[in-house]
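Undergrad: The structure's right below; bear with me while I get my questions together.
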Amino acid sequence: PSNTGTTSPPAATTAVAATGSCSARLGNATLLNQSGNSTITQDINLPAGMRNITVSATYRQYSDDTVFLTDRSECTITTTGGTLLTTIFAARGNSTTFTTATADITALGGTRVGLRCNSYQAGFDVSGVYVDDISVLASP
């Protein structure tokens, strides 16, 4: 986990969860305006020769940025060097419910990729994202 600027570092929280008792909170953990990025990453080896590989993440964006919508959150698949390969979700605004997003990453089978989830705050609002239930499923 990492953070830049004044944003809160990522953390596990029991305040909100899609399933189970906790989720990852990226972004603001206070009621004060913060700026910067709050990020979690994990490199994963995708199996070769699979008929289908999908990645999914369940998320709930929160923000009081209702006018300019500069604050945003996303989960992506990247090369291990950070080059974007595909986006699992990109969100702005405020939600009171969790949403599940899925991406087909079959074409990336046999490679090592990065799973990166990030929340960006411009510094004028209270924003972030709860991420839960991330999975990679491969079918032979």
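The values are calculated or read from the model by the stated rules, or taken from the named source; none is laboratory data. These numbers were taken from a predicted model, which means no experiment stands behind them. Cβ atoms come from the backbone with ideal geometry, glycine included; neighbour counts cover every protein chain shown. These area figures cover heavy atoms from the full protein model, side chains too; ligands, DNA and RNA do not enter into them. Shrake-Rupley method; radii C 1.70, N 1.55, O 1.52, S 1.80 Å.
So that you can scan it fast, the table gives a plain yes or no per residue for (1) under 14 Å from the mean Cα position of the chain (by Cα); (2) of a type in the set (A, V, I, L, M, F, W, C):
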{"residue": "Pro47", "(1), (2)": "no, no"}
{"residue": "Met50", "(1), (2)": "no, yes"}
{"residue": "Thr54", "(1), (2)": "no, no"}
{"residue": "Asp64", "(1), (2)": "no, no"}
{"residue": "Ser73", "(1), (2)": "yes, no"}
{"residue": "Ala90", "(1), (2)": "yes, yes"}
{"residue": "Ser95", "(1), (2)": "no, no"}
{"residue": "Phe98", "(1), (2)": "yes, yes"}
{"residue": "Leu108", "(1), (2)": "no, yes"}
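Undergrad: Pull up the range 57-75, narrow it to residues that are open to solvent by less than 10 Å² (accessible area, probe 1.4 Å), free of Cβ contacts under 8 Å to residues at least 60 places away in the same chain and in a strand (DSSP E or B), then point me to the one that is farthest from Ile134 (Cα to Cα).
TA: Ser73
Undergrad: With open to solvent by 50 Å² or more (accessible area, probe 1.4 Å), modelled with pLDDT of 95 or more and either farther than 19 Å from Asn3 by Cβ or not basic (Lys, Arg) (or both) as the only criterion, which of Gly49, Gly109 stands out?
TA: Gly49
Undergrad: Still on this model: Only one of (1) assigned to a loop (DSSP other than H, G, I, E, B); (2) open to solvent by less than 80 Å² (accessible area, probe 1.4 Å); (3) of a type in the set (A, V, I, L, M) fails for Ile88. Which number is that?
TA: (1)
Undergrad: Sticking with this one: What is the number of the single condition among (1) part of a strand (DSSP E or B); (2) closer than 17 Å to Cys117 by Cβ that Ile53 does not meet?
TA: (2)
Undergrad: List every residue pair whose Cβ atoms lie under 8 Å apart, where the two residues are 6 or more positions apart in sequence or sit on different chains, the first residue falls within the range 1-25 and is farther than 17 Å from Cys75 by Cβ, and the second residue, located anywhere, is of a type in the set (Val, Ile, Thr) and open to solvent by 60 Å² or more (accessible area, probe 1.4 Å).
TA: Every condition considered, the pairs that remain are Ser21/Thr14; Cys22/Thr14.
Undergrad: Please pick out the residue among Pro1, Pro10 that is open to solvent by 80 Å² or more (accessible area, probe 1.4 Å), of a type outside the set (A, V, I, L, M, F, W, C) and touching a strand residue (DSSP E or B) at 6+ places or on another chain (Cβ under 9 Å).
TA: Going through Pro1, Pro10 in turn, just one is open to solvent by 80 Å² or more (accessible area, probe 1.4 Å), of a type outside the set (A, V, I, L, M, F, W, C) and touching a strand residue (DSSP E or B) at 6+ places or on another chain (Cβ under 9 Å): Pro1.
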